[in-house]
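Have a look at the structure below before the remarks.
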Amino acid sequence: MKRLLVITFGVLFLTACNSDPKGYTLNGTISGEPENGTKIFLKTTDSLNQLIDIDTAAVENGLFSFNGNQIEPKMHYLFVDQVNGNVPVILENGTIAVEFQKDSMDLAKIKGTEQNDLFMGFLTESRQLSQRARSMQDDMRVAAQQRDTATVTALREEFIEFQEDAKNFNTTYVKEHPNAYISVLIIGNLLATKALPVDEIKTMFEGLSSNMKAIEPAKQIAEQLDNLKSTEIGAVAPDFSAPTPTGDVLALSDVTSNAKLTLVDFWAAWCRPCRIENPNIVSVYNKYHEKGFDVLGVSLDNQEEHWKNAIESDGLAWNHISNLQRFQDPIARLYNINAIPAAFLMDQNGVIVARDLRGPALEQKVAELLN
């Protein structure tokens, strides 16, 4: 399943750095007549990007608060009991104010620390872009209903220009705000979605302030940029090893040394696109295995039973390994995998000859190299 590294809500959300040792105070104001005692949940994400509970507060006369100490600033989310949606907030040391209406949490106002103020500025501009897009889409729908082809054509041309503005908004923001944590998140998203050439992303990253380069998400980006060099077509793939379903340890070199071509397939039982692609890989494997084609499945599951059941259910007769750590798997990090399915085709020497071939393209390349 393709896993996009964009935090939702229509924008990228911000974490930040604040060295205040006194901890944080988050003061919240919620309107919309919430009952006294309504629970507010403070949550964040773990290493697997799953929400985890951090703290709980109760509303009293429309007010609530959280206090604590945040060693390294990180994005957190406010949830209201039995209300859909959430409010993202940068939990960093300092005094933070959050104000929102319980039925329109996406319009929350956040302020109080330097990075939260930067975040609110970015969010305001992003909301304006979203509103502009909705307005053009509404106008286009009305014009289409009225069969006003001239207006539809003009609006389409305007929308194309808007899309370019929206695309440039993020990159421009990074260049103009090298000390904003949102800039780090934008770069991470561009890298994950391959929206720009790696060289351009690297240049943007190098333009960040030293403070921003020192935070954990930036360190991860630096690691990913380094790993990209070793997983480009023409590079010798980094070796790795991990447990098989039977508990033995298998290395990539063990597989490539006995095959003319090896497909390293990153997948998971929970990934629907992966499961849809599996029959195609099975077909190519059955057709070309005797000619020297092999597959090594690297699962990003975190539940052993699901992993093993999927192997059996899909008839995946090749070798499999997994550390059962989802996207925190060290092999996934080594190969800069942030979305699956992902695949690398290697020759007998471990040299990467193709990437992410699916459907007919996989068989065409295998046939080309083996026939």
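The values are calculated or read from the model by the stated rules, or taken from the named source; none is laboratory data. Being a predicted model, the structure only gives us computed values, none of them experimental. Quick reminder, even Gly has a Cβ in these numbers, built from the backbone with ideal geometry, and neighbours come from all protein chains shown.
Couple of notes before you dig in:
- Test: residue in the stretch 268-285 that is in contact (Cβ under 8 Å) with a residue 40 or more places away in the chain, assigned by TED's automatic domain parsing to the domain that holds Ala361 and aromatic (Phe, Trp, Tyr): yes
- Filter result for Leu190 (buried (at least 18 other Cβ atoms within 10 Å of the Cβ), out of contact with any Lys or Arg (no Cβ under 7 Å at 6 or more places or on another chain), closer than 28 Å to Pro341 by Cβ and touching a residue at least 60 places away in the same chain (Cβ under 8 Å)): no
- Unique match (being among the β-branched types (Val, Ile, Thr), touching a residue at least 12 places away in the same chain (Cβ under 8 Å) and within 30 Å of Ala332 (Cβ to Cβ)) among Val80, Val89: Val89
- When restricted to residues that are crowded, with 17+ Cβ neighbours inside 10 Å and either small (Gly, Ala, Ser) or not assigned by TED's automatic domain parsing to the domain that holds Leu334 (or both), the stretch 242-267 contains 2.
- Restricting Leu357, Leu370 to residues that are within 23 Å of Asn258 (Cα to Cα), in contact with a helix residue (DSSP H, G or I) (Cβ under 6 Å, 6 or more places away or on another chain) and surrounded by fewer than 17 Cβ atoms within 10 Å (Cβ to Cβ) narrows the list to Leu370.
- Qualifying residue in the stretch 217-239 (condition: within 30 Å of Ala367 (Cα to Cα), touching a residue at least 60 places away in the same chain (Cβ under 8 Å), out of contact with any strand residue (DSSP E or B) (no Cβ under 6 Å at 6 or more places or on another chain) and among the aliphatic types (A, V, I, L, M)): yes
- The stretch 50-98 - residue that is of a type in the set (Val, Ile, Thr) and surrounded by fewer than 20 Cβ atoms within 10 Å (Cβ to Cβ) and, of those, nearest to Pro34 (Cα to Cα): Val83
- Qualifying positions in the stretch 268-293 - of a type in the set (D, E, K, R) and buried (at least 19 other Cβ atoms within 10 Å of the Cβ): Glu277
- Flag for Ala332 being assigned to a helix (DSSP H, G or I), surrounded by 18 or more Cβ atoms within 10 Å (Cβ to Cβ) and in contact with a Lys or Arg (Cβ under 9 Å, 6 or more places away or on another chain): yes
- Residues in the stretch 271-325 that are hydrophobic (A, V, I, L, M, F, W, C) and part of a helix (DSSP H, G or I) were compared, and the one that is nearest to Asn338 (Cα to Cα) is Cys274.
- Test for Ile340: is it assigned to a helix (DSSP H, G or I), surrounded by 15 or more Cβ atoms within 10 Å (Cβ to Cβ) and under 26 Å from the mean Cα position of the chain (by Cα): no
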